[in-house]
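Notes follow once the structure below has been shown.
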Amino acid sequence: MLPATTTTPQPYVLAFSELPDIKELLASQLSESSINMYRRDIAAYQSFAQVHNADTMSAQTLVNWRNHLALNSTMSPNTINRMLAAVKRIIKEAASNHMVDAATNLQFRNVDGVKTKALKTRLKQHSRTRISPTDMRRLCERPDTSTLVGVRDKALLAAMASSGGRVSEIATLTKEQIVKQDSGYVIQVCGKTDTEYRDAHLSIEAYQLITKWLEIRPVESHFIFTGFAGRGNRPQDTAMSETGIWKVVQKYAEQCGLSYVKPHDFRRFVGTQLAKKDIRKAQTALGHKSIEVTARNYVLDTLEAGLTDDLY
């Protein structure tokens, strides 16, 4: 009797539009915000292919899209490479599920991104914004606390400026996540790279502002930072969206003459301030698995004026 044999399922090459939803392909691998970004990048790729009557499952189309973005857009090289990586990731995941053949996956994987050096003039001046403690204080003091919205916004900005939490973590923060520790407070968050909850800082000032907001908030909610609706700013019991937090930051940043400041710059502020004292503490506070990530993105060495005055 011949021994039983096993066969490897042969991939059925689907058209790009026939592939499962991105959320299904990347189930349990990425946060909701990252999946939404993938959707935008994939939609842009498909739109390009449709306009040029090109095959989305051809790696040459990805090459043509890369060249188009490099020659006919003002996107930074980092943005272009992120968009290319999104398409390549989808092809890779589809191949692992036997929906795309290995040859197609290899062809897409071998498409190079653009060179940062070649497009360095497109890099934003404030891509690694350095907010001074003075400017951060000005920004956080800007909300008008005579209004309900202002009380919430001041608590929100203080929480971001002292915790280094990601926007997604702050948006969904609950009262139960604030924990007293020794003489201060921490918030327990679970970010996009975390497998379990970790402690992040929360200043006593931020805690007091949050407490004040929750005491006067006219609605009950599981979430700390809840939204407002309509022209009358009707309080809602639902958590603020990440877009809502973006708008809050931009509002007060523009009023302070810091229009380039983004929500992530609050996280960078905390990281850089802590890294000046102890890079290990910065790594722990930000939840980085590798200290190299902390060093690359949060140790911002600057020239100190006057150091060469007495060299000769």
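Laid out as a table, the results:
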read-out: Qualifying residue in segment 111-132 (condition: surrounded by fewer than 19 Cβ atoms within 10 Å (Cβ to Cβ) and touching a strand residue (DSSP E or B) at 6+ places or on another chain (Cβ under 8 Å)); value: no
read-out: Per-region count, segment 210-231, residues under 20 Å from SER163 (Cβ atoms) and either among the aromatic types (Phe, Trp, Tyr) or touching a Phe, Trp or Tyr at 6+ places or on another chain (Cβ under 6 Å) (or both); value: 3
read-out: Qualifying residue in segment 84-96 (condition: loosely packed, with under 14 Cβ neighbours inside 10 Å, assigned by TED's automatic domain parsing to the domain that holds ALA44 and modelled with pLDDT under 90); value: yes
read-out: Residue in segment 215-224 that is free of Cβ contacts under 8 Å to residues at least 24 places away in the same chain and under 23 Å from ASN36 (Cβ atoms) present; value: no
read-out: Listing of helices (runs of 4 or more DSSP H) fully contained in segment 100-172 that carry 3 or more residues being under 30 Å from LEU25 (Cβ atoms) and at pLDDT 90 or above; value: 102-109, 167-171
read-out: Residue list for segment 62-95, filter: β-branched (Val, Ile, Thr) and in a helix (DSSP H, G or I); value: VAL63, THR79, ILE80, VAL87, ILE90, ILE91
read-out: Segment 29-53: number of residues that are surrounded by fewer than 17 Cβ atoms within 10 Å (Cβ to Cβ), of a type in the set (A, V, I, L, M) and modelled with pLDDT of 90 or more; value: 3
read-out: Selection count where residues are at pLDDT 70 or above and in a loop (DSSP other than H, G, I, E, B), scope segment 16-28; value: 4
read-out: Any hit, segment 165-181, residues being crowded, with 21+ Cβ neighbours inside 10 Å, in the same structural domain as LEU286 (by TED's automatic domain parsing), touching a residue at least 12 places away in the same chain (Cβ under 8 Å) and among the small types (Gly, Ala, Ser); value: yes
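Every residue, every condition in (1) in a loop (DSSP other than H, G, I, E, B); (2) surrounded by 15 or more Cβ atoms within 10 Å (Cβ to Cβ); (3) in contact with a strand residue (DSSP E or B) (Cβ under 7 Å, 6 or more places away or on another chain), yes or no:
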{"residue": "ALA200", "(1), (2), (3)": "no, yes, yes"}
{"residue": "ALA206", "(1), (2), (3)": "no, yes, no"}
{"residue": "GLU220", "(1), (2), (3)": "yes, no, yes"}
{"residue": "GLY227", "(1), (2), (3)": "no, yes, yes"}
{"residue": "ASP237", "(1), (2), (3)": "no, no, yes"}
{"residue": "ALA253", "(1), (2), (3)": "no, yes, no"}
{"residue": "VAL261", "(1), (2), (3)": "yes, yes, no"}
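The values are calculated or read from the model by the stated rules, or taken from the named source; none is laboratory data. If you're wondering where the values come from, they're calculated on a predicted model, not measured in any experiment. Glycine gets a Cβ as well: all are built from the backbone with ideal geometry, and neighbour counts include every protein chain shown.
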